[in-house]
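The values are calculated or read from the model by the stated rules, or taken from the named source; none is laboratory data. Owing to the predicted nature of the structure, the values given are computational and were not obtained by experimental measurement. With ideal geometry, Cβ positions are generated from the backbone for all residues, glycine too; neighbour counts draw on all protein chains shown. Accessible surface is based on the protein model in full, side chains and every heavy atom, while ligands, DNA and RNA are left aside. Shrake-Rupley method; radii C 1.70, N 1.55, O 1.52, S 1.80 Å.
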Amino acid sequence: MACISERAKRFDVPANLPVLRDRETLAQVLASFGTKLVREVSDPTVIAVFRLAIAEVVQSPEVARARDSIGRETSRATLRKIMAEAQASGLLTGRPAELAEQFAGLLWRDLLVSLLLGVAERPTLREIAGRARHAAAAFLQLHPPSNDGPA
């Protein structure tokens with residue numbers, strides 16, 4: 001589990017996170033976070049750990065719980081913090097947890113399941129960055145600026 005916890009630390013909100021004053025900055029932050037997340041999680045070693053946790057869930061449910069709390073929850077919490085900051089800045093409305101889940105869904109689509117099943121190859125770094133930019137753009141299209149918030 002040390003491999004997972006070390007990777008999970010990479011998803012903490014960075015101290016140098018730009019102040020979310022406008023939607024362009026929010027788009028850049030989401031794309032950067034998304035790129036990092038997909039790059040790390042799609043690593044073959046991480047996929048192998050996912051597969052192991054799935055295979056052992058009946059005999060060792062603590063493995064799946066640890067994988068969920070150490071790995072997945074760290075990235076989710078970071079994304080919720082980004083969404084909460086965007087909401088506090090007037091860039092988004094809605095519950096940060098729901099906004100975070102929506103962005104994650106747009107980012108991943110069915111890639112993770114396809115990787116776990118071995119029916120897709122890991123995307124290139126260029127493809128990952130494009131996926132993250134498209135997810136950020138689609139997310140912001142679904143959440144247009146309010147009349148009283150910053151553009």
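Which one is most open to solvent (accessible area, probe 1.4 Å), of the residues in region 86-101 that are closer than 17 Å to Leu20 by Cβ and part of a helix (DSSP H, G or I)?
Among them, the one singled out is Ala88.
What residue, of Leu52, Leu79, Leu142, Leu111, is under 30 Å from Arg23 (Cα atoms), of a type in the set (A, V, I, L, M, F, W, C) and open to solvent by 20 Å² or more (accessible area, probe 1.4 Å)? Outline the logic, then answer.
On the way: Leu52 fails: under 30 Å from Arg23 (Cα atoms); Leu79 fails: open to solvent by 20 Å² or more (accessible area, probe 1.4 Å); Leu111 fails: open to solvent by 20 Å² or more (accessible area, probe 1.4 Å).
Sole residue among the options that is under 30 Å from Arg23 (Cα atoms), of a type in the set (A, V, I, L, M, F, W, C) and open to solvent by 20 Å² or more (accessible area, probe 1.4 Å): Leu142.
Among what's in region 56-68 and is assigned to a helix (DSSP H, G or I) and open to solvent by 70 Å² or more (accessible area, probe 1.4 Å), pick the residue that is modelled with the lowest pLDDT. Break it down into steps so the answer makes sense when it comes.
Going residue by residue through region 56-68, those that are assigned to a helix (DSSP H, G or I) are 61-68.
Then drop every residue that is not open to solvent by 70 Å² or more (accessible area, probe 1.4 Å), which leaves 62, 65.
On the way: Glu62: 81, Arg65: 78.
Applying the filter and picking the extreme gives Arg65.
Can you name the residue in region 9-35 that is at pLDDT below 95 and of a type in the set (D, E, K, R) and is also surrounded by the most Cβ atoms within 10 Å (Cβ to Cβ) among such residues?
The first filter runs over region 9-35 and keeps only residues at pLDDT below 95, leaving 9-21.
The next check asks that each one be of a type in the set (D, E, K, R); those that pass are 9-10, 12, 21.
Details: Lys9: 10, Arg10: 14, Asp12: 12, Arg21: 12.
Out of the qualifying residues, it is Arg10.
Test Arg76 against the criterion of being of a type in the set (Lys, Arg), in a helix (DSSP H, G or I) and within 20 Å of Pro123 (Cβ to Cβ), and give yes or no.
Values: of a type in the set (Lys, Arg): yes; in a helix (DSSP H, G or I): yes; within 20 Å of Pro123 (Cβ to Cβ): no.
Judged against the criteria, Arg76 is not a match.
Condition check ((1) modelled with pLDDT under 95; (2) of a type outside the set (D, E, K, R)) across all residues:
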residue: Arg72; (1), (2): yes, no
residue: Ala77; (1), (2): yes, yes
residue: Ala86; (1), (2): no, yes
residue: Gln102; (1), (2): no, yes
residue: Arg109; (1), (2): no, no
residue: Arg122; (1), (2): no, no
residue: Ile128; (1), (2): no, yes
residue: Arg131; (1), (2): no, no
residue: Ala151; (1), (2): yes, yes
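Among the residues of region 22-36, is any more than 15 Å from the chain's Cα centre (by Cα) and polar (S, T, N, Q)? Before the answer, list the steps.
If we filter region 22-36 for residues that are more than 15 Å from the chain's Cα centre (by Cα), which is where we start, we get 22-25.
Add one more test, that the residue is polar (S, T, N, Q), and what stays is 25.
Scanning region 22-36 turns up at least one residue that is more than 15 Å from the chain's Cα centre (by Cα) and polar (S, T, N, Q).
Just give me the residues in region 117-139 being among the aliphatic types (A, V, I, L, M), within 17 Å of the chain's Cα centre (by Cα) and surrounded by fewer than 17 Cβ atoms within 10 Å (Cβ to Cβ), in sequence order.
The first filter runs over region 117-139 and keeps only residues among the aliphatic types (A, V, I, L, M), leaving 117, 119-120, 125, 128-129, 132, 135-138.
Retained after the next criterion (residues that are within 17 Å of the chain's Cα centre (by Cα)): 125, 128-129, 132, 135-138.
Residues satisfying the conditions are Leu125, Ala137, Ala138.
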